[in-house]
Each structure stands twice: as structure tokens, then as C-alpha cells.
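As C-alpha cells, the structure follows; a few thoughts come after it.
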Amino acid sequence: MGAYRSAYERSIADPAGFWRDAAADIDWVIPPDRILDEEAAPLYRWFPDGVLNTCHNALDRHVAAGRGDQPALIHDSPVTGTVRTLTYAGLLAETARFAGALRRLGVGRGDRVLLYLAMVPEAVVAMLACARIGAVHSVVFGGFAAHELAVRIDDARPKVVVATSCGIEADRVVPYHPILAAALDEATHAPERCVVVQRPQEPAPLVPGRDLTWAEVTADAEPAPCEPVAATDPLYVLYTSGTTGRPKGVVRDNGGHAVALRWSMRHVYGIEPGEVFWAASDVGWVVGHSYIRRW
């Protein structure tokens, strides 16, 4: 409790100094001189003159530090009875390739990509790929009803939607593609493309001219490098459940999210390099979204 009390009191008494020290654990393209921008308080902005890339901090820097062969992601699925382990180098390769595929589909810095995915490794790859090229991703909980999905599509206005063909709940297969199709019929905004991860439990019938499979878009995609972005550029939009009205899109920026997430892994959860962290929350919820993409 003493360490917690000391950290808490310093964060309150000297927030700029506290978070300046925390920011030193992140790789910056341009390190920030300003830490806290209070000019529009209570709408504070963190590291307003800093430049970085979130994907680099999650993957590239660990490979560069010699951890390429270390497991980065362990996908242990009790519903399919499969376990898949991706190393940092392997996850980086898949992420860079899918980032290149998104670029080829016309996705660039500031464009939105909506993710409607089951709990599969491609969900992590897609989130990091968006961050890699400066695109803004929005994860919608897999299996959400068509109307709820349509509302989020109209608000986020994504250039591309990435979806799995189905999800699996216990012993039940839930077709996602028909839900996506119904949502697109209802929505006023039409994404240019849908990328579908075909799962063997129920492959989706694709719509010509709109749908492409994950396998075909990544087959010959050129790996994309990291795009430097402002710390205040949006990283992702995550919507509230909508139980109290129209869903609200909560926007997280790159710099503040990266610094706080990195700090919390060590100081809240006590995780050190090489140790295993189990994230049980779904990627559609904020805890699963951030901590499955661990640091």
C-alpha cells in the first residue's frame, strides 16, 4: 500500500512530472516537451507535441530488442479445442501484411475501420494493423444485433469493415455474416469493402464487389511500415452499450493510451517481460480491447 500511496499522491500533486516519467517507457518518434495541455479544461490533452506509433510500441520495439521468438499472443480456445501461439516476430509479420492489405483497399491515416470479429487472433492483428497505418479502428462486440451494428456503422462511417463469418458460443455457431448484411442494408453509410475471416465452422457466402476474404487480401500484400502519428490523434472509438440511449463513441488517443497502458501493466498488474498475462474480457469491451493487445 505504501508504493500505491506514494504513486497516487505524486500523480495528484505533480501530474505533468508523473506522466513525463511514465512516458519515458514509450518509444517516441518525437518525444513530447509538453505533457499536459490544460487550455481547454476539463477537456485535457496529453503529450500534445509528441509523435509516436502505437503498433511500433506493441510489436516492433520488442522484436528489435531481441524478443522476436518470445510468445506475444496465446490464443487458447475451449470452444474449438485449439491453441495457437504467435511470437512477436510472427505477430509483427501478420500485422504488417494486413496493414498493407488495408492500405491497398484505400485505408489511410484518419480513416475508420470497423471490426466485427469473434475472439480470434485476427482481431488483434486487425487492431494493430489499423494503428500501424494511422487508421482509427472501432471494435463492435461480435454477435451484436443488426440494428446495433448499423447504428455504429452510421456513426463511425468506416471505409472498411472486417468481420468473421461466424462466432462460436459454447456449442452453438452464430453466423455473423447475415447479421452484417442486415446491418449494411439498414445503415445509410456504405463501407467500400468488407473483409471476411472465413471460419471452417460456417463459411460465409460472399457478396461480389463488396466482400473479400482475409486470405485473399493478405496473400500478396506488401507489408506496411509504421506511420508516425500525433499523440493526440485518435487510436480507436469504442461505443457504450446504448442501454441508456443512443450509443456514445468514446475516443482514445494514441499517446495517452500508450503511456497509461504501459504504466499499468507493470505498476497495476505487476507484469514483467517474459511473463504471461491472461485477458479474459472480450475485445468488444474496453478491458479486453486494450489488455489483449498487451505491452
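Summary table
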{"quantity": "Members of segment 110-120 found to be open to solvent by less than 40 Å² (accessible area, probe 1.4 Å) and either over 27 Å from residue 169 (Cα atoms) or in contact with an Asp or Glu (Cβ under 8 Å, 6 or more places away or on another chain) (or both), listed by number", "calculated": "110, 111"}
{"quantity": "Flag for residue 150 being of a type in the set (A, V, I, L, M, F, W, C), crowded, with 19+ Cβ neighbours inside 10 Å and touching a strand residue (DSSP E or B) at 6+ places or on another chain (Cβ under 6 Å)", "calculated": "no"}
{"quantity": "Extreme residue, most open to solvent (accessible area, probe 1.4 Å), among residues of segment 252-269 that are free of Cβ contacts under 8 Å to residues at least 40 places away in the same chain and within 30 Å of residue 151 (Cβ to Cβ)", "calculated": "252"}
{"quantity": "Considering residues of segment 1-27 that are closer than 18 Å to residue 265 by Cβ and part of a loop (DSSP other than H, G, I, E, B) only, the residue most open to solvent (accessible area, probe 1.4 Å)", "calculated": "24"}
{"quantity": "Tally, over segment 35-47, of residues that are over 23 Å from the mean Cα position of the chain (by Cα) and open to solvent by 100 Å² or more (accessible area, probe 1.4 Å)", "calculated": "4"}
{"quantity": "Odd one out for residue 294, checked against (1) surrounded by 13 or more Cβ atoms within 10 Å (Cβ to Cβ); (2) modelled with pLDDT of 90 or more; (3) of a type in the set (D, E, K, R); (4) in a loop (DSSP other than H, G, I, E, B)", "calculated": "(2)"}
{"quantity": "Residues located in segment 234-248, provided they are of a type outside the set (A, V, I, L, M, F, W, C), open to solvent by less than 40 Å² (accessible area, probe 1.4 Å) and touching an Asp or Glu at 6+ places or on another chain (Cβ under 8 Å)", "calculated": "239, 242, 247"}
{"quantity": "Filtered residue count, segment 270-280, keeping only those that are open to solvent by 40 Å² or more (accessible area, probe 1.4 Å), in contact (Cβ under 8 Å) with a residue 12 or more places away in the chain and under 24 Å from residue 137 (Cβ atoms)", "calculated": "1"}
{"quantity": "Test: residue in segment 76-93 that is under 17 Å from residue 168 (Cβ atoms) and hydrophobic (A, V, I, L, M, F, W, C)", "calculated": "yes"}
{"quantity": "Subset of segment 222-248 [small (Gly, Ala, Ser), outside any strand (DSSP E or B) and touching a residue at least 60 places away in the same chain (Cβ under 8 Å)]", "calculated": "224, 231, 242"}
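Condition check ((1) touching an Asp or Glu at 6+ places or on another chain (Cβ under 7 Å); (2) surrounded by 24 or more Cβ atoms within 10 Å (Cβ to Cβ); (3) hydroxyl-bearing (Ser, Thr, Tyr)) across all residues:
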residue: 62; (1), (2), (3): no, no, no
residue: 73; (1), (2), (3): no, no, no
residue: 89; (1), (2), (3): yes, no, no
residue: 98; (1), (2), (3): no, yes, no
residue: 108; (1), (2), (3): no, no, no
residue: 129; (1), (2), (3): no, yes, no
residue: 137; (1), (2), (3): no, yes, no
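Residue-by-condition table, conditions (1) under 29 Å from residue 80 (Cα atoms); (2) in contact (Cβ under 8 Å) with a residue 24 or more places away in the chain; (3) among the charged types (D, E, K, R):
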residue	(1), (2), (3)
136	no, yes, no
142	yes, yes, no
169	yes, yes, yes
183	yes, yes, no
188	no, yes, no
197	yes, yes, no
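The values are calculated or read from the model by the stated rules, or taken from the named source; none is laboratory data. Bear in mind the structure is a predicted one, so any value in this text is a computation, not a measurement. Because the Cβ atoms are built from the backbone with ideal geometry, glycine has one as well, and the counts that use them run over all protein chains shown. Remember, those area values only see protein heavy atoms, side chains included, never the ligands or the DNA or RNA. Shrake-Rupley method; radii C 1.70, N 1.55, O 1.52, S 1.80 Å.
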